[in-house]
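Undergrad: Here's a structure for you.
The values are calculated or read from the model by the stated rules, or taken from the named source; none is laboratory data. Note that the coordinates shown come from a computational prediction; the quantities given were computed from them, not determined experimentally. In this analysis, Cβ positions are derived from the backbone assuming ideal geometry, glycine residues included, and neighbour counts consider all displayed protein chains.
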Amino acid sequence: MLFVNSGSEANDLAWRIATAATGRTGGLCTAHAYHGISEATAALSPEAWAGRLHPGHVRTWAPPDGYRDSDHGAEPFARAIGQLAEAGHGPAAAILDGVLTSDGIIDLAPGLARELVHLTHEAGGLWIADEVQGGHGRTGAMWSYQRLGIAPDIVTLGKPMGNGHPVAAVITRSDIAERFAQTTDFFSTFGGNPVAMAAALAVLDVIDDERILDGARATGDHLRAGLRALQRGAPVIGDVRGMGLATGVEIVQAGTPTADRPSADRIINELRRRGVLTGTTGAGGNVLKIRPPLVFQPRHADLMVATLAEVLTDARG
């Protein structure tokens, strides 16, 4: 385990490790991913490309859209590997946030996830599980990759690790770390300092003592049940999906699957005005991203649903 200070640093270091261990230069990420703010991680963050030329060493793949029935299995991923090869870049790594938060909160099928890992390894690359957003119990499992039934080569941890205190980490196998050590020295001035380690250990104690994983599963299920009940009378809600305390609510033009970003923006602003904070995500910017603190309780979920119902009722009026 290597300690750093932020998720961006962790993903940047994971990328360095992958390129050193494989001798390759290509990267694979989802079509609207976000993995950090450094030069290396921004190249793996299409959400932030904002019309710039795509990095020549990175190719993206579109995850399945269960709501719109655009499930092409592993085909987009395999095609992206082929495009990397055509561009002269063998894959060093594929990186995935197990919640696919920036792509609209998508529950990837475990069988597909295992196939993607197999294709990555077959092409000579490593699999990086980005647990910065999905880890430490967010999905109701300790790590989001566990729900997918895969064994990543590298795991990155970030903001939840210290519950607000700056601490992050990279976890990998000893053989991969040894290959990295043969090519460079690594240190972090503040990484692994005693205060950060105390915060990280306290977080693990609270997760265990307060049964956070059980709570995330139960409260998340309760929240989505309430949202689906609301959906039956709200044609602007096209889909409700998620896992644990990560929920996406797709806002569409009523009666169609067409993304409605202006309405989603109005909804989150009205929610904020009434004291409920959420955001939007997804390529269309139309998915309400409900990702509350892990201490969220069913009564808070009820308040969230009731407030959203008020906003939608006022909008119809």
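Undergrad: Give just the number: which of (1) loosely packed, with under 14 Cβ neighbours inside 10 Å; (2) modelled with pLDDT of 95 or more does GLN182 not satisfy?
TA: Status for GLN182: all satisfied but (2).
Undergrad: While we're looking at this one, here's another question. Go through (1) closer than 23 Å to PRO293 by Cβ; (2) modelled with pLDDT of 95 or more and name the single condition ASP107 misses.
TA: (2)
Undergrad: The conditions are (1) under 30 Å from GLY238 (Cβ atoms); (2) of a type in the set (S, T, N, Q); (3) in contact (Cβ under 8 Å) with a residue 40 or more places away in the chain, and ASN5 fails exactly one of them. Which is it?
TA: (1)
Residues checked against (1) of a type in the set (D, E, K, R); (2) touching a residue at least 24 places away in the same chain (Cβ under 8 Å):
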| residue | (1), (2) |
| --- | --- |
| ASP175 | yes, no |
| ALA216 | no, yes |
| ARG261 | yes, yes |
| ASN269 | no, no |
| LEU277 | no, no |
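Undergrad: Are any of the residues in segment 246-256 out of contact with any Pro (no Cβ under 8 Å at 6 or more places or on another chain) and surrounded by fewer than 17 Cβ atoms within 10 Å (Cβ to Cβ)?
TA: Yes; the residues of segment 246-256 include at least one that is out of contact with any Pro (no Cβ under 8 Å at 6 or more places or on another chain) and surrounded by fewer than 17 Cβ atoms within 10 Å (Cβ to Cβ).
Undergrad: Check ARG224 against each of (1) modelled with pLDDT under 95; (2) buried (at least 20 other Cβ atoms within 10 Å of the Cβ) and name the one condition it does not meet.
TA: (1) is the only condition that ARG224 fails.
Undergrad: In segment 254-309, which residues are within 22 Å of the chain's Cα centre (by Cα), more than 19 Å from ALA225 (Cα to Cα) and in a helix (DSSP H, G or I)?
TA: Scanning segment 254-309 gives ARG261, ALA264, ASP265, ILE268.
Undergrad: Against the conditions (1) surrounded by fewer than 24 Cβ atoms within 10 Å (Cβ to Cβ); (2) in a loop (DSSP other than H, G, I, E, B); (3) not small (Gly, Ala, Ser), where does THR19 fall short? Just the number, please.
TA: (2)
Undergrad: Still on this model: Does LEU303 satisfy the condition of being of a type in the set (A, V, I, L, M), modelled with pLDDT of 95 or more and more than 30 Å from ASP209 (Cα to Cα)?
TA: For LEU303, the condition - of a type in the set (A, V, I, L, M), modelled with pLDDT of 95 or more and more than 30 Å from ASP209 (Cα to Cα) - is not met.
Undergrad: Another question about this same structure. Select from segment 181-194 the residues that are of a type outside the set (Ser, Thr, Tyr), under 16 Å from ALA14 (Cβ atoms) and in contact with a strand residue (DSSP E or B) (Cβ under 8 Å, 6 or more places away or on another chain) and list them in ascending order.
TA: Passing the criteria: PHE186, GLY191.
Undergrad: Same structure, new question: Test each condition in (1) among the acidic types (Asp, Glu); (2) crowded, with 24+ Cβ neighbours inside 10 Å; (3) farther than 24 Å from PHE186 by Cα for GLU9 and report the one that comes out false.
TA: (3)
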